[in-house]
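Undergrad: The structure under discussion is supplied below as structure tokens; questions concerning it will follow.
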Amino acid sequence: MKAKKLQIISEEISKYSQYVTQEDIDRFVQAILKAKRIFVNGAGRSGFAARAFSNRLMHLGLTVYFVGEPTTPSIHEGDLLVIGSGSGTTASLVSNAKKAKSTGASIATLTIDPKATIGSMADVVVVIPGATPKNEEVNNTNLSQQPMGSLFEQLSWLTYDSVIMELMPLLHQTEDEMFSRHANME
Ligand SMILES: O=C([C@H](O)CO)[C@H](O)[C@H](O)COP(=O)(O)O
């Protein structure tokens, strides 16, 4: 017998992934290629997906930092801040976006609501379908049977993975080269 709730989730992902546009992904890929260094930021579950993305960017040989780590330096002009935020309103992320903007760094965001604070400040917006109680504008409880921002958080993880697949040939990176950079102390 099929696991019914799991089936619901996989059908939602299959349906809503079609609304993520290649144009948004292409603009995001170009912003990454242009950046001197990449800073990745996200909170809670959106942050877990963003953290996984930062790991793959490191595998590609790019200079990448996850915001909040003690080894993360200051951001400057020429750098890119990537923010994953379903609501686009999470306070610490808004604050970091403002800081990045004030230094002349660029911002790319994955978000449900491009009109929310973070989306409005971003140079590149990848719109991800979803709903969240953290933002009344996109608190559409009919969209997904899953609680809170789960659909966004899952789709953002998969979108990040698709961006890595776009970047691999552009950076002439094979899986073997990427794996050679994988942590050897884990
Ligand atoms: O963990 C989260 C929460 O459980 C909602 O599903 C969110 O990812 C976290 O609160 C960050 O929120 P957003 O910035 O709106 O993605």
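Undergrad: Determine whether K98 is in contact with a helix residue (DSSP H, G or I) (Cβ under 9 Å, 6 or more places away or on another chain), surrounded by fewer than 19 Cβ atoms within 10 Å (Cβ to Cβ) and of a type in the set (K, R).
TA: Judged against the criteria, K98 is a match.
Undergrad: Next question. Out of segment 144-174, which residues are more than 13 Å from the ligand (Cβ to nearest atom) and without any contact (Cβ under 8 Å) to a residue 40 or more places away in the chain?
TA: Result: M165, P169, H172, T174.
Undergrad: Among the candidates S10, S54, S17, which residue alone is exposed (fewer than 14 other Cβ atoms within 10 Å of the Cβ) and either touching a Lys or Arg at 6+ places or on another chain (Cβ under 6 Å) or among the small types (G, A, S) (or both)?
TA: Unique residue meeting the criteria: S10.
Undergrad: So D113 ticks every box in (1) acidic (D, E); (2) in contact with a strand residue (DSSP E or B) (Cβ under 9 Å, 6 or more places away or on another chain); (3) more than 12 Å from the ligand (Cβ to nearest atom) but one. Which box is left unticked?
TA: Unmet condition: (3).
Undergrad: Please pick out the residue among S120, S106 that is more than 16 Å from the ligand (Cβ to nearest atom), at pLDDT 95 or above and over 30 Å from L6 (Cα atoms).
TA: Of S120, S106, the one residue that is more than 16 Å from the ligand (Cβ to nearest atom), at pLDDT 95 or above and over 30 Å from L6 (Cα atoms) is S106.
Undergrad: Go through segment 69-88 and report how many residues are of a type in the set (A, V, I, L, M) and either in contact (Cβ under 8 Å) with a residue 60 or more places away in the chain or within 9 Å of the ligand (Cβ to nearest atom) (or both).
TA: Looking only at that region, the number is 1.
Undergrad: Taking N184 as the residue in question, decide whether it is modelled with pLDDT under 95 and not aromatic (F, W, Y).
TA: no
Undergrad: Here is a check on your reading of the model: is V124 in contact with a helix residue (DSSP H, G or I) (Cβ under 7 Å, 6 or more places away or on another chain) and under 15 Å from L33 (Cα atoms)?
TA: Answer is yes for this residue.
Undergrad: Tell me whether segment 131-140 contains one or more residues that are over 30 Å from Q7 (Cα atoms) and either surrounded by 13 or more Cβ atoms within 10 Å (Cβ to Cβ) or modelled with pLDDT under 95 (or both).
TA: No, segment 131-140 contains no residue that is over 30 Å from Q7 (Cα atoms) and either surrounded by 13 or more Cβ atoms within 10 Å (Cβ to Cβ) or modelled with pLDDT under 95 (or both).
Undergrad: Right, next: So A91 ticks every box in (1) within 16 Å of the ligand (Cβ to nearest atom); (2) buried (at least 18 other Cβ atoms within 10 Å of the Cβ) but one. Which box is left unticked?
TA: Every listed condition holds for A91 apart from (2).
Undergrad: Still on this structure: Scan segment 97-119 and report the pairs whose first residue is free of Cβ contacts under 8 Å to residues at least 40 places away in the same chain and whose second residue is surrounded by fewer than 22 Cβ atoms within 10 Å (Cβ to Cβ) and basic (K, R), with Cβ atoms within less than 8 Å and a gap of 6+ or a chain change.
TA: I107/K101
The values are calculated or read from the model by the stated rules, or taken from the named source; none is laboratory data. The structure displayed is predicted, hence computed values, not measured ones. Here the Cβ is made from the backbone with ideal geometry for all residues, glycine too, and neighbour counts use every protein chain on show.
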